[in-house]
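The values are calculated or read from the model by the stated rules, or taken from the named source; none is laboratory data. Since the structure is predicted, the reported quantities are computational estimates derived from the model, not experimental observations. Here the Cβ is made from the backbone with ideal geometry for all residues, glycine too, and neighbour counts use every protein chain on show. The area values use the complete protein model at the heavy-atom level, side chains included, leaving out ligands, DNA and RNA. Shrake-Rupley method; radii C 1.70, N 1.55, O 1.52, S 1.80 Å.
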Amino acid sequence: MKTQYMQYIVVAVMISTLLIAFSPVEVGAQSWLEPIQTRTVTGFGDTTGTITNGTVRVPQGGGGNANWSFEVPDCDLVIAYAHWHKWDDCYGTPTATHRNGNGVEVDVTIWPTQAQSNDNTWGAFCSGFSPGHGNNHYFWRIYPTAGTNWLNLTGCAGSSPNVVMNKWVVMVMTDCTYAVDKTHEGEWWHNWGLWSVDVGTPYSSHFYNANNDAANYTLWTVQSHYDTGVNLYFNGGGPVGAGAGWAHAVMMHVSKALGTGANWVTWDHLPPDGSGYMYTQMATLAEEKQMPKPDLWIPEDGIEFIPETPRPGNAFTVKGTVENKGASTAATFDVTLYVDSVPHDTKTISGLNAGQSKTVTFDPVTKPLGCYNFTVMADTGYVVDELAATRDDNTRTQFYQVGYVIAVRSNDDFEALKNEGLATKVGDTYYIKDLTITNCAGIGILIQDTTVPFVIENCNVNDCGWKTDDYENHGMHLNHLRDEQINIVDCTVENNWGKGIRVQNSTYVCINDSHIQNNSAYGIDVYPRELPGNHDDCKYITIINNTLIENNYGIDLIGYNCTVMGNIIKDNEEYGIYMLSNYSDIYGNNITNSGSYGMKVYNSSESCIAGNDFNDNGGTGSQAWDNRVNSNDWNLPIKMGYFYGGTDPSHAHENYTGNYWSDYSGSDSDGDGIGNIPYNIDGGSGVSDKCPLMVPIQSNERQEIICLKCGDTSGNDEVGVEDISAIDLHLTGDGALMLSKWAADVAGRIENGETTGNDEVGVEDISAIDLWLEKHTTSNCWYVLMSGGHIVDPITTRTMVIRIPLPDPPGGYIEIRVPGFEILLAISAIALIASYGVRKRNRRRKS
């Protein structure tokens, strides 16, 4: 069984290749004494090999009496040699004794009559004075075991037969029991030395086998007879002083060897006057294994703020977590919190075992409104014995906002906001209003996993995430909100590092009348729980009457049954609108000067895109892109009534209508405001707007297309008794033809739960108008069910009323009155697109 051991004078660390050259003087050269490269010496023993979780030890006993004991670690032996260096006549027959850690002694006899070796057992070489005289170096193989080992040299005649100039042992060991001994792993090399080298100039020997450029090494050498001192270098690194004069073991650490044939050790005799000479008794190189040491660090999530949203002037707590990811215990150390580089407080951790972590608490912290650098530093006084290279992660800095950041993760958090005075509650609905919010390190408003209705109104959310380079730091992020009534209205959202507003995995959200500008990612992002996958978990999202300028995308729409209406979308870096969405309606938007396509529709179907202005957008061949042939409608699939070129009956039309394209080059030979040839759309062969508009819908100039109101059969922009009379005369055949059959078909019908026009004019239409005039009661024409369950009143004078129903079955509503379009075309188009969309969706649900 292996036993514990004592530390050695010289601590080792990893093995590599060594080469030493020498020039014999005055005696016949032996092959093993010639200048050599590191190699396996046939018949003499190992000079290179591999160790695992081992160590290389070179303890030395100094000069004087040859008796000496040394400690051996609890490892398996690879190879070991004892070395003696003696200056004196050594007549007779030198003998040596080794006693291992188990008490077993082995004696050897060394024959110094000439420089020679005895087959892997012992060796000797002498200076050129004569055999047995002058500088004598002896070495022999020993087999030490763990514990205390003993060596002695005897049998030398002369005035000091048992006195030596130095003594040392080279041990290569593997599979050590204790972590502290596992200092080397990989290749090791041993060079048996050279003798009688004139070092008037620097002398070098190469390690041709040491070719691991990624490894660090430890190098040991023993040399003697430096009369005036020497410096030791490896690959130019150093110097390490080898001592003035006689035989000393020297160790140096070597960073990153240079590769095959490029590593060398140099002994530089100083001064280079040619007056000295030296002997090199041995050199050993080994690849290092990192010593087991503690390694403290602050994890990425190691700084916590309580509460999560510190408020200006209010005390809050900062917690710091320190983990020891090293291989040994860290002694007692301090942890300090700095705020903008100023020390706030210091705590002490009384030791930390390997693999463990501890959290310290700093409080109270109070700061005014602003963004601060909060830094937690472990081992402030550098008392823990870490490797220098691992200290870089002892410090963690987190930028954090003290301000009015909103973070709601449950219904209870809304109540907490109300208690703070940052929200109010009317009925069941919470209102977050009139706040200016920034967050240098995160999201301005985060609301997730709640089940109550809320409104964010007239808030300015800006400059979120600018300290982090994290594109997930949005101005607003709504996540996993189900079957609620959620409105973002009249807000300004700008200069945020992520998206302006992200709506993820949520339903029944309306964003309207907000200004969204210069966000690094998208202006508005509608996104499912995850992609790839089905995106119908994000649906019934309405985006109306917003201004989206200078974002990356204006709108990124990955949802289901969504409505994008009446927005100004311009000067966005890439797309005005990117859509991966089914059963959605895009109409009444002004999309201008997008860097790429004004609208890109990818893998989408059953959506309607009509009544939009596309002005000067990029793109390859057109201003839009759609890769699904005949899957989406780029014009209304049912006719609508409108005036073009005037408001008298001769200018009334009923037709399918598409979008306005600023680069459309077709003509309008029949004068109905609709181009005679389709506008081709990039992406899929045959995709086109079949009824492109000749004039823009939302231009500031005088409009030439004016939509008829539903019920306004006479075209006088009002609905009254004259319209009842017109329908009556039409039915009896006693009067002039109605101006528009479309306008007269007001009553509609209910079929399979949907509200539609019945495409007929009858007495029911007279009753519907009469009922409206008498009681202003809802008729099927006035309130048309839109996609997503929204209800639109297209007859209210130039104003839409959007009623968003509560979860099915409807149990009330909230009402938003949105300023209407000056162009009635857009208003009527809403009704038509809505009706069309619901019919398509009902067909899909029944199939």
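Here are the criteria: (1) touching a Leu at 6+ places or on another chain (Cβ under 8 Å); (2) open to solvent by 70 Å² or more (accessible area, probe 1.4 Å); (3) without any contact (Cβ under 8 Å) to a residue 60 or more places away in the chain; (4) of a type outside the set (A, V, I, L, M). Tell me which single one Thr424 does not satisfy. All conditions pass for Thr424, except number (1). Hey, Phe207 hits all of (1) under 29 Å from Leu77 (Cβ atoms); (2) at pLDDT 60 or above but one; which does it fall short on? All conditions are met except number (2).
Determine, yes or no, whether Gly621 is surrounded by fewer than 24 Cβ atoms within 10 Å (Cβ to Cβ) and in contact (Cβ under 8 Å) with a residue 24 or more places away in the chain. Considered against the rule, which asks whether it is surrounded by fewer than 24 Cβ atoms within 10 Å (Cβ to Cβ) and in contact (Cβ under 8 Å) with a residue 24 or more places away in the chain, Gly621 comes out as yes. Of the strands (runs of 3 or more DSSP E) lying entirely inside the range 421-489, those containing at least 1 residues that are β-branched (Val, Ile, Thr) are 424-426, 429-433, 445-448, 454-457, 460-462, 486-489.
The set of residues in the range 373-397 that are part of a strand (DSSP E or B) and not basic (Lys, Arg) comprises Asn373, Phe374, Thr375, Val376, Met377, Ala378, Thr395, Thr397. It is to be established whether one or more residues within the range 72-94 are at pLDDT 65 or above, under 20 Å from Trp188 (Cα atoms) and surrounded by fewer than 17 Cβ atoms within 10 Å (Cβ to Cβ). Yes, that holds for at least one residue. Can you spot a residue in the range 355-375 that is open to solvent by less than 70 Å² (accessible area, probe 1.4 Å) and modelled with pLDDT under 95? For the range 355-375, residues open to solvent by less than 70 Å² (accessible area, probe 1.4 Å) and modelled with pLDDT under 95: present. For first residues located in the range 452-463 and open to solvent by 10 Å² or more (accessible area, probe 1.4 Å), partners that are in a strand (DSSP E or B) and of a type in the set (Phe, Trp, Tyr) and lie 6+ apart or on another chain with Cβ distances below 6 Å form the pairs Val455/Tyr431.
Residue-wise test of (1) farther than 23 Å from Gly621 by Cα; (2) open to solvent by 10 Å² or more (accessible area, probe 1.4 Å); (3) part of a loop (DSSP other than H, G, I, E, B).
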residue: Asn552; (1), (2), (3): no, yes, yes
residue: Tyr575; (1), (2), (3): no, yes, yes
residue: Ile591; (1), (2), (3): no, no, no
residue: Ser594; (1), (2), (3): no, no, yes
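Among the residues making up the range 577-589, those that are modelled with pLDDT under 95, among the hydroxyl-bearing types (Ser, Thr, Tyr) and either surrounded by fewer than 24 Cβ atoms within 10 Å (Cβ to Cβ) or not in a loop (DSSP other than H, G, I, E, B) (or both) are Tyr583, Tyr587. Filtering the range 648-687 to residues that are of a type in the set (A, V, I, L, M, F, W, C) and either closer than 18 Å to Trp625 by Cα or open to solvent by 60 Å² or more (accessible area, probe 1.4 Å) (or both) leaves Trp661, Ile677, Ile681, Val687.
Taking the criterion of being under 25 Å from the mean Cα position of the chain (by Cα), part of a strand (DSSP E or B) and surrounded by fewer than 22 Cβ atoms within 10 Å (Cβ to Cβ), the only residue of the range 493-526 that qualifies is Glu494.
Yes/no per residue for (1) at pLDDT 95 or above; (2) more than 21 Å from Ile488 (Cβ to Cβ); (3) in contact with a helix residue (DSSP H, G or I) (Cβ under 9 Å, 6 or more places away or on another chain); (4) not polar (S, T, N, Q):
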site: Glu386; (1), (2), (3), (4): no, yes, no, yes
site: Ala389; (1), (2), (3), (4): no, yes, no, yes
site: Asp393; (1), (2), (3), (4): no, yes, no, yes
site: Val408; (1), (2), (3), (4): yes, no, yes, yes
site: Gly427; (1), (2), (3), (4): no, no, no, yes
site: Lys433; (1), (2), (3), (4): yes, no, no, yes
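Total residues in the range 135-162 satisfying the condition of being open to solvent by 10 Å² or more (accessible area, probe 1.4 Å) and at pLDDT below 80: the figure is 8.
Can you tell which of Thr375, Thr361 is within 27 Å of the chain's Cα centre (by Cα) and free of Cβ contacts under 8 Å to residues at least 60 places away in the same chain? Exactly one of Thr375, Thr361 is within 27 Å of the chain's Cα centre (by Cα) and free of Cβ contacts under 8 Å to residues at least 60 places away in the same chain, namely Thr375.
Test of understanding: among Cys608, Cys538, Cys562, which residue is more than 24 Å from Val493 (Cβ to Cβ) and either touching a residue at least 40 places away in the same chain (Cβ under 8 Å) or surrounded by 22 or more Cβ atoms within 10 Å (Cβ to Cβ) (or both)?
So the residue among Cys608, Cys538, Cys562 that is more than 24 Å from Val493 (Cβ to Cβ) and either touching a residue at least 40 places away in the same chain (Cβ under 8 Å) or surrounded by 22 or more Cβ atoms within 10 Å (Cβ to Cβ) (or both) is Cys608.
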